[in-house]
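Inspection log for the structure reproduced underneath, given as structure tokens.
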Amino acid sequence: MSDILIIDDDDELRGLLADFMLAEGYRVCTASSAEEGIAILEREPIGLLLLDLMLPGIDGFAACSAVRERRDIPIIMLSARGDEESKLTGYRLGADDYMDKPVSVPILLAKVKALLNRSGKNAESGRVLRSGAITLDTEKRLVCKNGQPCEIRGKMYDLLLYMMENPGRLLYKEELYDAVWGDAFVEQSTLNVHIRWLRERLEEAPESPKLIKTVWRKGYIFGEDH
């Protein structure tokens, strides 16, 4: 099974989380600082990262950004700071999920399983999807607009991939939650925020979207020809 890296400066919690992951059959690496964890990422085949926000030295936000520059793996941020601004910052920097401490271990395990399943399904190669000026290369996990790379990673990429695979069709919110996040533990505002970020990166006029249109109280339709 995939290797999991846990970066947390709390020795007791780090050990506890490692024990639970090991009991589920995962291989586990641990680090007490971002610097140590990034060094592990450089040499180990890590499949998912559990990342504490409040770390000595480089904090979790900076670590998340640094990891995203190196690897496109699922990242779950763990923090006692449960305010909306912190969560949005984590998502903006590329985190796939954000859990408040103290964490519920059963929910964390469910999220880990869902994210690993999702990343495995998306690890395909050899397809380039196109919609107008937008291209998505599944082998490189790269999105371009008018030939220029866009900063679209993590769950933003997964969401766009699913929509580009289903152009012109009403995609209900529940369908998108299930297809992209793969579990029932995602906050309802998460989808709206990711849609907004995609529009900011892809639409000519995000306030009047033509590529990702909202169907009131139902979901979204992707594509310029509907």
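Structure summary
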item	result
Which listed residue is charged (D, E, K, R), in a loop (DSSP other than H, G, I, E, B), at negative phi and in the same structural domain as Leu116 (by TED's automatic domain parsing), from Asp9, Asp19	Asp9
Test result for Trp181, closer than 22 Å to Arg68 by Cα and at pLDDT below 90	yes
Residue count, the range 49-58 (criterion: modelled with pLDDT under 95 and under 21 Å from the mean Cα position of the chain (by Cα))	4
Extreme residue, nearest to Tyr98 (Cα to Cα), among residues of the range 146-164 that are among the hydrophobic types (A, V, I, L, M, F, W, C) and surrounded by 21 or more Cβ atoms within 10 Å (Cβ to Cβ)	Met156
Some residue of the range 70-82 being in contact with a strand residue (DSSP E or B) (Cβ under 6 Å, 6 or more places away or on another chain), surrounded by fewer than 17 Cβ atoms within 10 Å (Cβ to Cβ), free of Cβ contacts under 8 Å to residues at least 40 places away in the same chain and not acidic (Asp, Glu)	yes
Candidate set: the range 134-145, residues that are among the β-branched types (Val, Ile, Thr) and more than 15 Å from Asp158 (Cβ to Cβ); chosen: the one surrounded by the most Cβ atoms within 10 Å (Cβ to Cβ)	Ile134
Of residues in the range 149-165 being more than 19 Å from Glu224 (Cα to Cα) and outside any helix (DSSP H, G or I), the one modelled with the lowest pLDDT	Arg153
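The values are calculated or read from the model by the stated rules, or taken from the named source; none is laboratory data. Predicted model, so just to flag it, every value in this text is computed and none were measured. Glycine gets a Cβ as well: all are built from the backbone with ideal geometry, and neighbour counts include every protein chain shown.
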